[in-house]
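What follows is calculated from the coordinates using simple rules that are stated; it is not laboratory data. Quantities reported herein were computed from a predicted structural model and do not represent experimental measurements. Virtual Cβ from ideal backbone geometry, glycine too; neighbours counted across all protein chains shown.
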Amino acid sequence: MLAKIRNYFREVTTELKQTTWPSKKNTQNMTLLVVLVAALLSAYLGGIDFLLQKIMGILI
């Protein structure tokens, strides 16, 4: 059992050494993109919700 655990962590370490991590600038750009897309999507959905509430208020 202990040998399996050691082997698992050895394999994890090997895989992490092979990983290519993004640069700091790339990470910042992708984070900014995610934040902007989330903000635009929330504004869009909020606008649609607002319009539907107004329409339902007029109809009821």
#### Entry: Conditions (1) assigned to a helix (DSSP H, G or I); (2) of a type outside the set (V, I, T); (3) surrounded by 10 or more Cβ atoms within 10 Å (Cβ to Cβ): number failed by A3
(3)
### Task
Give just the number: which of (1) assigned to a helix (DSSP H, G or I); (2) exposed (fewer than 10 other Cβ atoms within 10 Å of the Cβ) does V35 not satisfy?
(2)
### Failed item in (1) out of contact with any Phe, Trp or Tyr (no Cβ under 9 Å at 6 or more places or on another chain); (2) part of a helix (DSSP H, G or I), with W21 passing the rest
(2)
#### Entry: Selection status of M30, free of Cβ contacts under 8 Å to residues at least 24 places away in the same chain and surrounded by fewer than 10 Cβ atoms within 10 Å (Cβ to Cβ)
no
